[in-house]
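Take a look at the structure below.
The values are calculated or read from the model by the stated rules, or taken from the named source; none is laboratory data. Everything quoted here is computed from the prediction, not taken from an experiment. Using ideal geometry, Cβ is built from the backbone for each residue, glycine included, and neighbour counts are taken over all protein chains shown. Remember, those area values only see protein heavy atoms, side chains included, never the ligands or the DNA or RNA. Shrake-Rupley method; radii C 1.70, N 1.55, O 1.52, S 1.80 Å.
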Amino acid sequence: MQRITPCLWFDDQAEEAARFYVSVFPNSEIVHVSRYGEGAPMPAGTVLVVLFRLDGVDFQALNGGPAFTFSEAVSFYVNADDQAEIDRLWDTLIADGGQPSQCGWLKDKYGLSWQIVPPVLNEMLEDPDVEKARRVMQSMLGMSKLDIAALQAAYRGD
């Protein structure tokens, strides 16, 4: 059992969001759905908590009402191995009202922030050749969705 599990607070879209996220990532599933009972702050039968797993990591989604919303202060960092995976995740997560941001960041239609990043980016940014790393950083700062080929071209100095 995972010791620490992120809890995502939704107004009333916990189950919808969990089903969406499970559809995006492989090795994912809805584990359990619990519902509010009589006398609760939401109507009886309304989803209270959804326990779900994304690519082997446990999460819970809570329908807690409109008191809190997501901000960029918390995001989920996703390693995407190649451009096809970056493109698929990016396009799926911004669909239906999501918003692209800068440097591989986006907000999905629920307002949750994600970073879709190829592991090769960190390798290039950590290169001991500071000029190579600087060129990669400058290239990345001009991007919304990350483009591996463009980052590699900057790294090479093309």
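Suppose we filter the stretch 29-61 for residues that are loosely packed, with under 12 Cβ neighbours inside 10 Å and among the aliphatic types (A, V, I, L, M); how many remain?
Total satisfying the criteria: 1.
Among all residue pairs at least 6 apart or on different chains, which show Cβ distances below 6 Å where the first residue, located in the stretch 125-138, is under 12 Å from R156 (Cα atoms) and the second is part of a loop (DSSP other than H, G, I, E, B)?
A133/D127
If a residue must be touching a residue at least 60 places away in the same chain (Cβ under 8 Å) and part of a strand (DSSP E or B), how many such residues does the stretch 10-41 contain?
Residues flagged as touching a residue at least 60 places away in the same chain (Cβ under 8 Å) and part of a strand (DSSP E or B) within the stretch 10-41 amount to 1.
Report, by residue number, each residue of the stretch 91-120 that is surrounded by fewer than 19 Cβ atoms within 10 Å (Cβ to Cβ), closer than 18 Å to F76 by Cβ and of a type in the set (V, I, T).
Passing the criteria: T92, V117.
Can you report the number of residues in the stretch 121-151 which are open to solvent by 30 Å² or more (accessible area, probe 1.4 Å), farther than 19 Å from D87 by Cβ and part of a helix (DSSP H, G or I)?
Count: 11.
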